[in-house]
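Down below is the structure, laid out as structure tokens.
The values are calculated or read from the model by the stated rules, or taken from the named source; none is laboratory data. What you see is a predicted model, and the numbers here were worked out from it, not measured in a lab. Counting neighbours? That spans all protein chains shown, and the Cβs are built from the backbone with ideal geometry, glycine included.
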Amino acid sequence: MAEAAIELIGIDKSFGTVRANRDINLVIERGTIRGIVGENGAGKSTLMSILYGFYQADSGEIKVGGKPVSIKTPNDAIALGIGMVHQHFMLVQNFTVIENIILGAEDEALLKRSIANARSELERLEREYGLEVDPDAVIEELPVGLQQRVEILKALYRGAEILILDEPTGVLTPAEADHLFRILKQLKDQGKTIVLITHKLREIMAITDTVSVMRQGTVVATRETAKTTVEELAELMVGRRVLLRVEKGEAKPGEVKLAVDNLTVRDSRGVTMVDDVSFDVRGGEIVGIAGVAGNGQSELIEAISGIRKAVSGTVLLDGKPIEVTGQADPGELRDRGLAHVPEDRHYVGLVLAFEENENSILGYHDKTEYLKGPFLDIDAIRADAKQKIEKFDIRPANDRLKTANFSGGNQQKIVLARELEQNPGVLVVGQPTRGVDVGAIEFIHKQLIAMRDRGKAVLLVSVELDEIRSLSDRILVMFDGRIVGERGPDATEGELGLLMAGVERQEAAE
Amino acid sequence: MEFVDALINILNSTIRVSVPLLLACLAGLYSERAGVFDIGLEGKMLAGAFAAGAAAAVFGSAWIGLIMAVFVSVGLALVHGFASITHRGNQIVSGVAINFIAAGSTIILGQAWFQQGGRTPSLPAEDRFGAIVLPFADALRDVPIIGQLYSGLLSGHTLLAYLAFLAVPFTWWVLFRTRFGLRLRAVGENPAAVDTAGISVSWLRYRAVICTGVLTGLAGCYMALSQNAGFVKDMTAGRGYIALAALIFAKWKPVPAMFACLLFGFLDALSIRLQGRPLAVFEWLPVVVAVLVLAGLMTIARWKPLRSIIAAVLVGIAAAWLVSVFYGGLTAAFQNSVLGAPIRVPVQLMQALPYILTVILLAGFIGKAIPPRAGGVPYVKER
């Protein structure tokens with residue numbers, strides 16, 4: 001076995017009464033890729049923050065390269081050759097690439113020479129690792145994949161030997177993720193040590209050498225990747241058996257519930273994002289829209305659910321038109337039985353500063369069952385919230401807790417519980433499991449299937465191809481604002497991938 | 001030429017009234033670029049002016065006045081920093097509090113120390129900053145245009161005025177060519193990026209706030225020891241807020257900040273010059289009509305080229321109006337008509353002119369001003 005790059009011995013860390021990490025022992029060998037998996041709140045990020053000097057462990061010891069070290073600030077970590085690529089990029093959006101790279105690592109008080117040095121160093125890194133990026137490009141104009149590359153370059157520029165990546169593929173397209181993995185393999189071949197934190201098990205299987213599973217603040221297992229399976233890891237993470245692919249019966253499509261005709265939508269910059277799109281969704285079926293993020297799916301469901309004005313086209317809900325080109329009223333649509341689970345639950349779906357019970361009726365708060373005269377009936381609302389908490393297993397089971405204090409998966413359950421419990425005829429749902437744990441994904445998928453089996457129409461938008469394939473009865477692929485193909489649920493990943501990349505656009509158009 | 005003289009005269013007073021605006025505007029630039037909004041520029045200027053006036057009167061030295069102005073102003077800036085950086089308080093509340101403290105305490109202390117109704121004793125010329133005459137200014141006075149501009153416009157200002165205008169390229173250089181500037185801009189955009197790069201967010205923001213304090217101190221000192229002969233209560237009269245408006249107008253950039261301050265200074269100088277002078281109807285009418293019509297159009301026009309055209313028309317009308325007012329060529333033509341009838345305009349309206357135009361400019365012209373992204377938000381390390 002190779003020598004250890006990092007050793008963590010008996011790490012403990014508590015926040016108040018919550019023990020985020022307990023007695024963590026972990027040895028990461030030099031020149032390997034180590035995966036760390038676990039559900040949200042399992043303590044992965046806390047552990048890495050301790051390693052990067054954001055927090056200090058309450059007790060325990062860290063050794064880097066065999067020597068005991070004390071890491072009090074990110075500076076200490078950087079000096080020890082530890083670099084971190086954060087989930088939310090730590091980049092200054094209106095700075096150039098090179099400005100971001102030298103920030104905090106400038107050679108002297110004046111910038112001129114620092115920039116010149118960084119420029120030649122960047123050229124070297126580009127040669128060695130194939131990390132190409134225009135040093136004078138402004139960050140906010142770069143696609144996320146390149147922004148992430150800048151983060152990696154930042155760490156390498158500071159001489160990182162150990163690179164920690166926190167959920168690196170959450171924002172990437174499949175192609176960008178593949179490219180990232182090639183880069184990581186190359187870094188490994190050059191002797192760097194890589195720690196990959198993720199909850200996507202497929203990535204773990206694809207790229208890591210060994211994998212450690214965390215649950216409730218402890219490391220419950222470490223396995224050689226080649227000798228384990230996705231099923232085993234999922235079970236270790238959740239603590240029980242998990243169905244990775246939801247079982248479902250044959251769809252029984254009924255009446256057309258939602259009919260979209262020649263819909264065209266532009267975004268705020270005036271760019272056409274949805275270009276003359278038509279399709280139907282019937283009761284009793286799930287129609288999945290696959291596509292790389294940014295190909296118009298978001299604008300499509302926003303227009304259908306009345307929060308974005310369309311330029312032209314019609315949408316019929318139960319045969320009656322929705323005013324998509326005028327002042328559509330999301331509240332009225334809700335009354336007509338169209339529920340919407342938005343893609344961005346923080347921005348559109350929830351008021352994070354509200355208590356859970358308030359969010360669980362938001363948008364339905366003028367229904368008579370929640371009112372006592374002109375006032376809210378707090379007792380009824382709380383009773384209703386408690387019911388939803390129980391049914392959807394929302395944790396912690398406290399309806400008075402501020403919504404911001406729930407984990408991502410539980411926040412998503414709050415939104416789903418609110419929309420599904422109103423028993424809508426049509427459900428428009430965007431990225432239902434983004435940032436959600438394996439265990440909760442299974443639950444959410446089951447709920448969506450159950451909706452379908454009750455004869456409801458479900459329009460599902462997701463960038464997770466697995467999700468689309470496992471749930472949908474019909475799959476529509478969007479590329480560049482158009483629907484470029486329709487496939488059955490048995491379509492292969494490769495087939496869909498080509499459509500998503502726009503390769504088969506010509507044939508599909510015929 | 002009478003017109004050139006009049007023009008140089010008004011441009012000269014433009015520079016004079018622009019100086020405190022410019023210093024305060026650059027002061028705000030340091031703070032806000034670092035992500036600390038500072039509505040307390042006004043209060044710091046006022047306290048600085050008082051400190052300058054009081055110290056100069058007591059010690060008989062403009063330099064001690066200058067030092068005290070900076071000292072007091074930096075002190076208040078640190079209070080703002082302590083509240084909004086260390087204790088993550090609301091920056092607006094803290095800034096407003098500083099304005100109130102300054103407005104109240106200067107009058108109370110002034111009355112207690114000098115018994116002159118809240119003002120400091122009038123200073124003799126030697127205790128103030130005197131005008132600096134640039135080399136050859138007297139010799140060139142009679143050379144048409146160039147000489148007039150040099151000796152009438154560029155020469156004859158005080159040390160702080162030259163300092164203020166030198167501070168513009170200096171600030172640009174600091175922001176865009178030094179490590180401190182890079183970090184300062186970064187911390188105003190994304191403090192988490194600065195933190196993860198191993199730089200202290202607090203210390204960086206404190207340094208920015210101290211720069212603000214120094215510059216507002218200079219601004220106050222200029223008002224008390226250059227523009228006037230001592231401190232008068234409420235002498236800043238909203239210049240701190242105008243400076244903030246100029247900062248937004250300039251989109252937080254040093255060189256545009258200078259032009260914005262000169263523009264506001266020009267309006268101010270114009271209002272002073274036109275005060276009490278009865279203007280004929282023809283001198284007023286086009287401006288009133290044009291401003292109303294164009295302001296209306298500006299709010300309707302979403303199309304960028306149209307906005308530029310409207311802006312150009314507005315500038316053209318303003319220029320034509322200026323010529324007519326100063327040159328007086330039209331006076332004779334309209335002498336006997338209704339349009340030539342002089343109207344005495346209330347002084348208050350003239351004084352309000354720069355503010356009215358500020359509102360119109362800010363509402364219509366600048367388009368989308370994107371403030372530093374982390375501005376106004378205290379930095380809390382996330383888990």
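Some observations on this one:
- Long-range neighbours under 8 Å by Cβ, at least six apart or interchain, first residue under 13 Å from A:MET84 (Cβ atoms) and away from every other protein chain (no Cβ under 12 Å) within region A:39-61, second assigned to a loop (DSSP other than H, G, I, E, B) and at pLDDT 85 or above: A:LEU51/A:ILE71
- Where A:ILE301 falls short, out of the listed (1) of a type in the set (Val, Ile, Thr); (2) at pLDDT 90 or above; (3) surrounded by fewer than 21 Cβ atoms within 10 Å (Cβ to Cβ): (3)
- Unmet requirement for A:ILE139, which otherwise passes all of (1) modelled with pLDDT of 90 or more; (2) more than 12 Å from chain B (Cβ to nearest Cβ): (2)
- Residues being without any contact (Cβ under 8 Å) to a residue 24 or more places away in the chain and either closer than 16 Å to A:LEU460 by Cα or outside the structural domain of A:ALA303 (by TED's automatic domain parsing) (or both) - total across region A:256-277: 0
- Selection within region A:383-406 - surrounded by 18 or more Cβ atoms within 10 Å (Cβ to Cβ), of a type outside the set (Val, Ile, Thr) and closer than 30 Å to A:GLY294 by Cβ: A:PHE406
- Residues of region A:262-281 satisfying the condition of being surrounded by 21 or more Cβ atoms within 10 Å (Cβ to Cβ) and either touching an Asp or Glu at 6+ places or on another chain (Cβ under 7 Å) or on the phi > 0 side of the Ramachandran plot (or both): A:VAL265, A:MET273, A:VAL274
- Screening A:GLU442 with (1) more than 17 Å from the chain's Cα centre (by Cα); (2) in the same structural domain as A:GLU343 (by TED's automatic domain parsing); (3) assigned to a helix (DSSP H, G or I) gives one miss only, at (1).
- Looking across region A:64-122 at every residue that is facing another protein chain (nearest Cβ under 7 Å), in a helix (DSSP H, G or I) and of a type in the set (A, V, I, L, M, F, W, C), the one that is nearest to A:VAL195 (Cα to Cα) is identified as A:ILE78.
- Matching option when the condition is in contact with a strand residue (DSSP E or B) (Cβ under 7 Å, 6 or more places away or on another chain), buried (at least 16 other Cβ atoms within 10 Å of the Cβ) and either among the polar types (S, T, N, Q) or under 28 Å from A:ILE6 (Cα atoms) (or both), among A:LEU131, A:LEU165, A:LEU153, A:LEU125: A:LEU165
Each row is one residue, and each column tells you yes or no for (1) in the same structural domain as A:LEU156 (by TED's automatic domain parsing); (2) over 19 Å from A:LEU163 (Cβ atoms); (3) at pLDDT 90 or above; (4) of a type in the set (A, V, I, L, M, F, W, C).
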| position | (1), (2), (3), (4) |
| --- | --- |
| A:THR17 | yes, yes, no, no |
| A:GLU39 | yes, yes, no, no |
| A:GLY60 | yes, yes, yes, no |
| A:LYS63 | yes, no, yes, no |
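- Taken over region B:191-220, residues that are under 18 Å from B:SER84 (Cβ atoms) and within 14 Å of another protein chain (Cβ to nearest Cβ) amount to 10.
- Filtered by the rule that a residue be surrounded by 22 or more Cβ atoms within 10 Å (Cβ to Cβ) and not small (Gly, Ala, Ser), region B:253-266 gives B:PRO254, B:MET258, B:CYS261, B:PHE264.
- Here region A:447-493 is the region considered, the condition is being under 27 Å from A:ASP276 (Cβ atoms) and among the polar types (S, T, N, Q), and the residue that is surrounded by the fewest Cβ atoms within 10 Å (Cβ to Cβ) is A:SER462.
- Flag if B:ARG16 is modelled with pLDDT under 95, surrounded by fewer than 24 Cβ atoms within 10 Å (Cβ to Cβ) and more than 20 Å from the chain's Cα centre (by Cα): no
- Region A:409-446 - residue that is farther than 18 Å from A:GLY284 by Cα and polar (S, T, N, Q) and, of those, surrounded by the most Cβ atoms within 10 Å (Cβ to Cβ): A:GLN412
- Among the residues of region B:256-278, those identified as outside any helix (DSSP H, G or I) and either at pLDDT 80 or above or touching a helix residue (DSSP H, G or I) at 6+ places or on another chain (Cβ under 7 Å) (or both) are B:GLN275, B:GLY276.
- Within region A:208-241, the residues that satisfy the criterion of being of a type outside the set (A, V, I, L, M, F, W, C), touching a helix residue (DSSP H, G or I) at 6+ places or on another chain (Cβ under 7 Å) and touching a residue at least 12 places away in the same chain (Cβ under 8 Å) are A:THR208, A:ASP209, A:THR210, A:ARG215, A:THR225.
- Matching residues in region B:84-119 - criterion: being surrounded by 14 or more Cβ atoms within 10 Å (Cβ to Cβ), touching a residue at least 60 places away in the same chain (Cβ under 8 Å) and more than 23 Å from the chain's Cα centre (by Cα): B:SER84, B:ILE85, B:GLY89, B:GLY110, B:PHE114, B:GLY118
- Meets criteria (of a type in the set (Asp, Glu) and either in contact with a strand residue (DSSP E or B) (Cβ under 9 Å, 6 or more places away or on another chain) or buried (at least 20 other Cβ atoms within 10 Å of the Cβ) (or both)) for A:GLU224: yes
- Candidates A:LEU201, A:LEU243: the one that is among the hydrophobic types (A, V, I, L, M, F, W, C) and surrounded by 20 or more Cβ atoms within 10 Å (Cβ to Cβ) is A:LEU201.
- The single residue among A:MET84, A:MET90 that is buried (at least 17 other Cβ atoms within 10 Å of the Cβ), farther than 26 Å from A:GLN216 by Cα and of a type in the set (A, V, I, L, M, F, W, C) turns out to be A:MET90.
- Every residue from region B:197-241 that is assigned to a helix (DSSP H, G or I), of a type in the set (S, T, N, Q) and buried (at least 23 other Cβ atoms within 10 Å of the Cβ): B:THR212, B:THR216
- Looking across A:GLU495, A:GLU486, one residue alone is in a strand (DSSP E or B), at pLDDT below 95, among the acidic types (Asp, Glu) and not assigned by TED's automatic domain parsing to the domain that holds A:ALA234. It is A:GLU486.
- Residue tally, condition more than 11 Å from chain A (Cβ to nearest Cβ) and surrounded by fewer than 22 Cβ atoms within 10 Å (Cβ to Cβ), over region B:168-190: 4
- Flag for A:LEU110 being of a type outside the set (Lys, Arg), under 30 Å from the mean Cα position of the chain (by Cα) and at pLDDT 90 or above: no
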